[in-house]
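Read the structure below first, then the notes.
The values are calculated or read from the model by the stated rules, or taken from the named source; none is laboratory data. As the structure is a prediction and not an experimental result, all values here were calculated from the model. For neighbour counting, all protein chains shown are included, and Cβ atoms are generated from backbone atoms with ideal geometry for every residue, glycine included. For the accessible areas, the whole protein counts, side chains as well, though only heavy atoms, and no ligand, DNA or RNA atoms are used. Shrake-Rupley method; radii C 1.70, N 1.55, O 1.52, S 1.80 Å.
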Amino acid sequence: MAEVILKNVCKIYEGKNKVVTDANFTVKDKEFVVLVGPSGCGKTTTLRMIAGLEEISSGEIFIDGKVVNALPPKDRDIAMVFQNYALYPHMTVYENMAFGLKLKKVDKKEIDVRVKEAAKILSLESFLDRKPKALSGGQRQRVAVGRAIVRKPKVFLFDEPLSNLDAKLRVQMRTEISKLHKQLEATMIYVTHDQTEAMTMGNKIVVMKDGIINQVDTPMNLYNNPVNKFVAGFIGSPAMNFLSGKIIGNDKLSFKSNGGSIKFELTANQSKRMSKYSDKEIIIGIRPENISIEKPNENSFPVEVNIEVIEPMGNETFVYFQLDGIQFISRLREYENLFSGNIVRLFIQVERVYFFDKETGDNIN
Amino acid sequence: MNFKQSQTAAYFFLAPALSAIFIFFFLPVIAAFIISFTDFDIYTLGNFSSVRFIGFNNYIKLFDDPLFYTALKNTFYFVIVAAPLSIAISLGAALLLNSKLVKFKAIFRLSYFIPVVTTLVAVAIVWRFIYHPKFGIINYLLSLIGIAPIDWLGDTTTAMPAIILMSVWKSFGYNMIIFIAGLQNIPEDLYEAASIEGASGWQKFKSITLPMLAPTTVFISIITMIGYFQFFAEPYIMTQGGPLNSTLSIVQYMYQEGFKWWNMGYSASIAFVFFFIIMIGTLIQLKFQKNT
């Protein structure tokens, strides 16, 4: 197994379209790193550059300490699982898994051992004679993973492998891949646009937007300390609520939203941080789970809201309302007696409010 | 509406199309089949009552006719050489035009396809000039390297290869377009997966392109085989079946018997024997397709 390092990696198409800009991150040995971002953010391109399927415009990629920029995919000792599985339709499951080993001229007995071992890990033993078209989506996905496992590569690459599966199967495969990571103790790089997948699977997450890496961090750090408004909005489901307003006062600072529906005093700690922003426009961010119907502590302020939509999930309830004409969502614990049209008082915890620079979108710490 | 009524309605709507097919397809085929058991000839055209049913006599005569066997042999020669050649060339051209290395693809695609849409008669006349022993460009080019002129269409050994070359040139563009469509249907990620697994260009071709193209190839083989079995205009225009019947094809022989000597009954029997030969060829290929 091996370490993967990207140093100032760029991808420019036709000399002008910059798809990936200065990508820098390290995937440590045995680590599970997830590249996440909205579609078109360059995450798949980054993965394909690591695989060698796309040329690198500038920068360096190291796998196991060696620069691999000029190496063809087959010499990088990697395996990749594709979004559409990329199984050879005319070959059986067994042949699909054995294909790479046959090309490497591995001994037939050894191929048999490895394929059967992988089939056992992935519960594919009874499907080895079938062709891909006779398999369900989840089984095909497992074959694609099996094809990667048998080759015992240094690095596993996954390109949105679960996006073609239905919701239930996706959750199941998510855990299976995580288990597999522990079992194989392999270095894995995983691309997804689904933040839940990223949060649940990765040891480390690389958040990308418009070809630029915004933050590389552990899932909890991304959630608690997002570097900017984009990361704050992208990580967490339902997404963070944002509202524009102004910091007012000199010593003891307060925030007042532009529409006037929110006004609260900052904590001493926050006042210190925000002193530079006195009389300036900023954006605040409030996570849906930090809005509650019961007053959580003294340091929280109330807002009167007119409930527009209620989404009961069983264990929790999503409540939609508007503040300053902007859609807000709160996540409440099991409230059965709320209905749309109700006017209720909700509480927001002051110390859980995030502040973002209006110009740069940076989290003000 | 019950099932029977809806079935009647369905036939009612199908009637115009079915009657056209019946009148213009089944009726002539049935008529020809009946004629093949008669001595229908030029006298019959004058006096229809002179036609006589002669049972299998036409068929019996056919299997004793040396010219029929010559035509059959020539036709098989043509199909067995020209069809694989055409398929190989069209696949090669399709692979080239589908590769990322080639530029101006549209121009190449167009120029390879032009012969397909050109009238066969015009093409055959032009090629007759190309093959001309005195003024043809081929002999001129050969003369530059000191090779004596060859009478391409006048020699029994070169006439058929010359016709094959022209036919392949004329028709490969059609198969090429179908192959290109087949190639474009192969998902790119299969090649990418194979690259990662260490496959060379040849291994990718052998393990991905060829098997993925199998249905296309079988389809092309069948239509090419059927088309080539029926070759007629090429020898008719270029050699009239000569020299010494070395390019006489079955269809041409059928045409000669039917419209030169007016032996319609005999000609119809050739058509039906030929129909069975093509059908067997097609069945063999379909069987092959099922196995792939």
Quiz item: Ignoring ligands and nucleic acids, what accessible area does A:R140 show with a 1.4 Å probe (Å², nearest 10)?
Solution: 70
Self-check item: Orientation-averaged projected area, Cα convex hull of segment B:157-292 (nm²)
Solution: 10.6
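What does the structure give for A:145-156 when I average, per residue, the other chain Cβ atoms found within 10 Å of the residue Cβ?
Details: counts 0, 0, 3, 3, 0, 0, 3, 0, 2, 0, 0, 0.
Across the residues of A:145-156, the mean count of other-chain Cβ atoms within 10 Å is 1.
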Self-check item: Relative contact order [Cα under 8 Å, 6+ residues apart], segment B:8-57, whole percent
Solution: 27
Quiz item: Can you give the mean number of other chain Cβ atoms that lie within 10 Å of the Cβ atoms in peptide B:180-193?
Solution: 4
Practice problem: Add +1 for every Lys or Arg and -1 for every Asp or Glu among the other residues with Cβ under 11 Å from the Cβ of B:A71, and state the total. | Solution: -1
Quiz item: What residue among B:I30, A:M274, B:S171 has its Cα farthest toward the positive end of the dipole of the protein assembly as shown, where the charges are +1 on Lys, Arg and -1 on Asp, Glu, each on the Cβ?
Solution: B:S171
Quiz item: With every protein chain present, what accessible area does B:S19 have (1.4 Å probe, heavy atoms only), rounded to the nearest 10 Å²?
Solution: 50
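Where does the charge balance sit around A:D22 when Lys and Arg score +1, Asp and Glu -1, over other residues with C-beta under 13 Å from its C-beta? Don't skip to the end; give the middle numbers.
Values: positive: A:K7, A:K11, A:K18; negative: A:E60, A:D210.
Overall, the nearby charge balance is +1.
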Exercise. Any chance you could check the Cα centroid distance between segment A:120-171 and segment B:207-231 for me, in angstrom?
Key: 33
Quiz item: Given chain B, what whole percent of its Cα pairs are spread farther than 30 Å?
Solution: 50
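Based on the mean of other Cβ atoms within 10 Å per residue, sort peptides B:128-135, A:325-332 so the most packed one is first.
A:325-332, B:128-135
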Quiz prompt | Heavy-atom SASA rank of B:I163, B:I145 (probe 1.4 Å, accessible area, largest first) | solution = B:I145, B:I163
Quiz item: What percent does the relative contact order of segment B:1-124 come to when contacts are Cα pairs within less than 8 Å and at least six residues apart?
Solution: 11
Exercise. As a check on your grasp of the helix formula, calculate [θ] at 222 nm for chain A: sum -39500 (n - 2.57) over DSSP H runs of n ≥ 4, divide by the residue count, round to the nearest 500.
Key: -7500 deg cm²/dmol
Exercise. Take every residue in peptide A:83-89, count the Cβ atoms of other chains within 10 Å of its Cβ, and give the average of those counts.
Key: 5
Self-check item: Listed residues B:W262, B:W202 arranged by accessible area, highest first, probe 1.4 Å
Solution: B:W202, B:W262
Quiz prompt | Net dipole in debye of segment A:4-234 [+1 Lys, Arg Cβ; -1 Asp, Glu Cβ; about Cα centre; nearest 20] | solution = 500
Exercise. Report, in whole Å, the centroid distance computed from the Cα atoms of segment A:52-82 and segment B:149-201.
Key: 35
Exercise. Would you calculate, for chain B, the mean residue ellipticity at 222 nm contributed by helices, counting each DSSP H stretch of 4 or more residues as -39,500 (n - 2.57) and dividing by all residues, to the nearest 500?
Key: -22500 deg cm²/dmol
Quiz item: Accessible area of B:D64, 1.4 Å probe, to the nearest 10 Å²?
Solution: 120
Self-check item: Contact order relative to length of chain A, as percent, for alpha carbon pairs under 8 angstrom and 6 or more apart
Solution: 15
Quiz item: Sorted by packing (mean other beta-carbon atoms within 10 Å per residue), highest first, where do B:279-288, A:279-288 land?
Solution: A:279-288, B:279-288
Exercise. Please list the radius of gyration and Dmax for chain A, considering alpha-carbon atoms only, with Å as the unit.
Key: 24.5, 78
Quiz item: Per the Kirkwood formula on distinct C-alpha pairs, the Rh of the protein assembly as shown is how many angstrom?
Solution: 32.1
Quiz prompt | For segment A:241-357, the spread of Cα positions along each principal axis, largest first, Å | solution = 43, 27, 20
Self-check item: Approximate spin-label separation A:S292-A:F339, in nm, with each point projected 7 Å along Cα-to-Cβ
Solution: 2.7
Quiz item: Working from the pairwise distances between different alpha carbons, so that the mean of 1/r is found and then inverted, what is segment A:7-128's Kirkwood radius in Å?
Solution: 16.8
Quiz item: Top to bottom by accessible area (1.4 Å), largest first, where do A:E351, A:E316 land?
Solution: A:E351, A:E316
Exercise. Of the listed pairs A:K116/A:K182; A:K104/B:K290; A:K74/B:K103; B:K100/B:K290; A:K30/A:K108, which have alpha-carbon separations greater than 22 Å here?
Key: A:K104/B:K290; A:K74/B:K103; B:K100/B:K290; A:K30/A:K108
